[in-house]
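The values are calculated or read from the model by the stated rules, or taken from the named source; none is laboratory data. In this text, all values refer to a predicted model and were calculated from it rather than measured experimentally. So basically every Cβ, Gly included, is an ideal-geometry build from the backbone, and we count neighbours across all protein chains shown. The accessibility values were calculated without ligands, DNA or RNA, using every heavy atom of the protein model including side chains. Shrake-Rupley method; radii C 1.70, N 1.55, O 1.52, S 1.80 Å.
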Amino acid sequence: MKAFLVEKTGDKEFTADIKEIPIPKCAEEEIVIKVTYSSLNYKDALSSVGNPGVTRKFPHVTGIDVAGTVYESTSNIFKTGERILVTGYDLGMNTNGGHAEFVKVPAAWVARIPDSISDKEIMTFGTAGLTAALSINELIANGVKPENGPVLVTGATGGVGSIAVSILSKIGFNVVAISGKKEKIDYLKKIGASEVILRDTFNEEAKKPMMAEKYAGVVDTVGGEVLANALKYIKYDGVATCCGLTSSHELNTNVFPFILRGVRLIGIDSVECKLEKKQAAWEKIASKWKISTLNSITNEITLNEVKDAYSLLLAGKAVGRYVVRIKD
């Protein structure tokens, strides 16, 4: 089968390209998936260059998301031909991932694809969409409503940010987007943002320990200074979710938003969260949270184009979601 394989050639040297490797075989309670679509994520790009924080086992197939059908199963839960997907867990990290024609996974990682969504659509969402959905779930579960005020989305042109903007807009929220890409303001408004603030402007204006109350909630995808400043603007009893660190893993802030306004900061993890929670999120994504702007944020590529797309992701130039077509 064809697979996008990363190989270690020296102490800190790696090569990555399409190679022919054997189709995996099922062991107990495992499933081999015949892959139709996968997607690209920043974590995949890091894995492709041998980042030890993501992958330590080589040779390695990238791809933390995968959709397809059951090709072989030793589980009594899933039968041959069923449409399934996997996101998170160790897939694409130290377990071979979805950028291949076939992939083997433990049955405990597998979720069913709802009938109302295609393989391509669910991979357009992928880990990014799941993370966005989990973030929005937390806002709503903690009392954030459209009538409470606008929701701020940081890193809004990225995969998680773009989908968060679109879903929030669809379900009635007024969305303010932050981005470092001035040329993408029209794109962000097209997918649902009512206002776009450039990242440098946002950081320059937030100089005080506390700013005037403005946002009912925040979906943060970047961390660092942007998140620290966003916390200063959250209204009383508001909520911020945090799921990324592309700006920085550091968070230099103060306690005022938490002790004066009762602000809550909630971490979002889509990798190890329970399968039941993932399945519930997929059901929402496939129904009332299914967005009409999906095509606007989707770049469909083949395995042959994965390497170039990784370069864009690593350079911070990617916009929206990259979906990898393996088999129709």
Subject >> Spin-label proximity, residue 116 to segment 286-320 - amide N less than 12 Å from point 7 Å beyond Cα toward beta carbon >> reply: 286-291
**OP:** Using DSSP to define loop residues, name the trypsin sites (Lys or Arg not before Pro) in segment 222-328 whose beta-carbon has at most 14 other beta-carbon atoms within 10 Å.
**Re:** 274, 288, 317, 327
**OP:** Can you find, among 122, 64, 185, the residue farthest towards the positive end of the dipole of the chain? Put +1 on the C-beta of Lys and Arg, -1 on that of Asp and Glu.
**Re:** 185
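Might you report the magnitude of the Cβ-based charge dipole of segment 211-328 about its Cα centre, with Lys and Arg at +1 and Asp and Glu at -1, to the nearest 20 debye? Provide the component values of the computation, followed by the final result.
Values: 16 positive and 13 negative charges, 68 e Å.
Here segment 211-328 has a charge dipole of around 320 debye.
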Original post:
For the chain, what is the relative contact order in percent, using Cα pairs closer than 8 Å and at least 6 residues apart in sequence?
Top reply: 19 percent
Original post:
Quick one: Cα centre-to-centre distance for segment 99-149 and segment 276-328, in angstrom?
Top reply: 11 Å
**OP:** Give me the number: length gained by fully extending residue 2 to residue 292, i.e. 0.36 nm times residue separation minus the C-alpha to C-alpha distance, one decimal in nm.
**Re:** 101.1 nm
Original post:
Hey, if you put +1 on the Cβ of every Lys and Arg and -1 on every Asp and Glu Cβ in the chain, which of 42, 254, 210 ends up farthest toward the positive end of that dipole?
Top reply: 210
**OP:** Answer with one residue from 166, 54, 143: the one whose Cα lies farthest towards the positive end of the charge dipole of segment 38-168, charges on Cβ with Lys, Arg +1 and Asp, Glu -1.
**Re:** 54
**OP:** Determine the dipole magnitude for segment 1-68: charges of +1 sit on the beta-carbon of Lys and Arg, -1 on that of Asp and Glu, nothing else is charged, the reference point is the Cα centre, and the result goes in debye to the nearest 20.
**Re:** 80 debye
**OP:** Identify the residues of segment 7-41 with backbone N under 16 Å of a label point that sits 7 angstrom from the Cα of residue 58 along the Cα-to-Cβ direction, or state none.
**Re:** 7-19
**OP:** Would you list, by chain and number, the lysines whose Cα falls below 25 Å from the Cα of residue 189, excluding same-chain residues fewer than 8 positions away?
**Re:** 120, 145, 170, 181, 214, 232, 235, 284, 288, 290, 317
Original post:
Taking square-rooted eigenvalues a ≥ b ≥ c of the alpha carbon gyration tensor, is segment 1-159 rounded, prolate or oblate, where a/c under 1.5 means rounded and, failing that, a/b exceeding b/c means prolate?
Top reply: oblate
Subject >> Å² per residue, accessible surface of the chain at 1.4 Å >> reply: 44 Å²
**OP:** Would you compute, from DSSP H runs of 4+ residues alone, the mean residue ellipticity of the chain at 222 nm, taking -39500 (n - 2.57) per run and dividing by the full residue count, rounded to the nearest 500?
**Re:** -8000 deg cm²/dmol
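Assign one of three labels to segment 135-220, namely rounded, prolate or oblate, based on the Cα gyration tensor with a ≥ b ≥ c the square roots of its eigenvalues; rounded applies when a/c is under 1.5, prolate when it is not and a/b is larger than b/c, and oblate otherwise.
Details: a/c = 1.87, a/b = 1.08, b/c = 1.72.
Because a/c hits 1.5 or more and a/b fails to exceed b/c, segment 135-220 counts as oblate.
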Subject >> Magnitude of the charge dipole, the chain, Cβ model with Lys/Arg +1 and Asp/Glu -1, debye to 20 >> reply: 560 debye
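For segment 71-184, what class follows from the C-alpha gyration tensor (a ≥ b ≥ c being the square roots of its eigenvalues): rounded when a/c is under 1.5, otherwise prolate if a/b is larger than b/c, else oblate? Numbers along the way, then the final one.
Values: a/c = 2.67, a/b = 1.97, b/c = 1.36.
Prolate.
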